[in-house]
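Down below is the structure, laid out as C-alpha cells.
The values are calculated or read from the model by the stated rules, or taken from the named source; none is laboratory data. On a predicted model such as this, the values are computed, not experimentally measured, just so you know. Every residue, glycine as well, gets a Cβ built from its backbone with ideal geometry; the counts of neighbours run over all protein chains shown.
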Amino acid sequence: MSRRGLLLILSSPSGAGKSTLARRLMEWDPTLRFSVSATTRAPRPGEEDGREYYFKSRAEFESMVAAGEMLEHAEVFGNFYGSPKGPVETAMKEGRDTLFDIDWQGGQQIRNSALGRDVVSVFVLPPSIAELERRLRGRAQDSNEVIAGRMAKSQAEISHWAEYDYVIVNTDIDKAFNELLTILQAERMRRDRQPGLAEFVRGLNKEFDAR
C-alpha cells in the first residue's frame, strides 16, 4: 500500500547529538531524503550546488520567499538560509520521508506551514549541561570563545522543548537512535498516512461478500 511521506524534524542544542542521529538514520534508510538548504552565502572550497546547499543570489532567494517556495528561512550573520518546498513536496508524493536537521525557529516555521500536518518533530536533550559542554570540548573543533557562545545559546534553545511531538534524552547514542527509530516507524504506520488503506479494506470486504 502506498503512503504519503512525512517531514521529520530533528532539533537540539549544539553538542546534544542531533547531527549524529541524523547521519545514522540516513545510513539506516537510504530512501530517506535529507533536506538540502538554500543559502545566499558563497560556496566554500569543495562544496557543490545541490549537495551541501543550493547556492542562490540574494535576489533569487528573496524571489523564492515571495513566491512561497520556502518552508522556512532565516538570516544568519548577513546571509539567508532556508528550506525549499518543491523537493519536499515531490518526496512526499513519492512516499519518501524528508529529514530536517534544523533549529527550533526553522521547526516552528515548518510546523506552521501548509505541510504542518505531515510534520513529526523530535527534540534531543543532553543528559546534563556539564555533559553538553564536555561533548562540545571533546569535538576539538571550536575555540573556547565559540564553545562559550554555543553554551550561552543552548539555554534559549532548550526552552523550546515543549513545542515538539517527542523528546529524546541522549544519555547513550545507541539508545537514543533506537528511540528515534521507534518514533519514525510508528509514525509511518499512522492510519492517516496510508491513503491506500481504505481501498485495501474495501477489498477485504469484497472477499467477505464473495464467500
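Data overview
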read-out: Of all residues making up segment 38-87, the number that are among the hydrophobic types (A, V, I, L, M, F, W, C), surrounded by fewer than 17 Cβ atoms within 10 Å (Cβ to Cβ) and under 19 Å from Ser113 (Cα atoms); value: 4
read-out: Among (1) in contact (Cβ under 8 Å) with a residue 40 or more places away in the chain; (2) within 25 Å of Arg96 (Cα to Cα) - the single one Glu52 does not satisfy; value: (1)
read-out: Among (1) within 18 Å of the chain's Cα centre (by Cα); (2) part of a strand (DSSP E or B), the one test that Gly5 misses; value: (2)
read-out: Some residue of segment 123-137 being closer than 20 Å to Ser37 by Cβ and either in contact with a helix residue (DSSP H, G or I) (Cβ under 9 Å, 6 or more places away or on another chain) or of a type in the set (S, T, N, Q) (or both); value: yes
read-out: Unmet criterion (only one of (1) without any contact (Cβ under 8 Å) to a residue 40 or more places away in the chain; (2) under 27 Å from Met151 (Cβ atoms); (3) buried (at least 18 other Cβ atoms within 10 Å of the Cβ)) for Arg23; value: (3)
read-out: Selection from segment 1-49 of residues that are touching a helix residue (DSSP H, G or I) at 6+ places or on another chain (Cβ under 7 Å), among the basic types (Lys, Arg) and at pLDDT below 90; value: Arg3, Arg4
read-out: Residues of segment 85-116 satisfying the condition of being among the polar types (S, T, N, Q) and touching a residue at least 60 places away in the same chain (Cβ under 8 Å); value: Thr98
read-out: Test result for Ile168, out of contact with any Pro (no Cβ under 9 Å at 6 or more places or on another chain), in a helix (DSSP H, G or I) and surrounded by 16 or more Cβ atoms within 10 Å (Cβ to Cβ); value: no
read-out: Unique match (being within 20 Å of Ile102 (Cα to Cα) and either of a type in the set (S, T, N, Q) or touching a residue at least 24 places away in the same chain (Cβ under 8 Å) (or both)) among Ser143, Ser154, Ser128; value: Ser154
read-out: Complete set of residues in segment 15-51 that are part of a loop (DSSP other than H, G, I, E, B), closer than 28 Å to Gln155 by Cα and of a type outside the set (Val, Ile, Thr); value: Gly15, Ala16, Gly17, Ser35, Ser37, Arg41
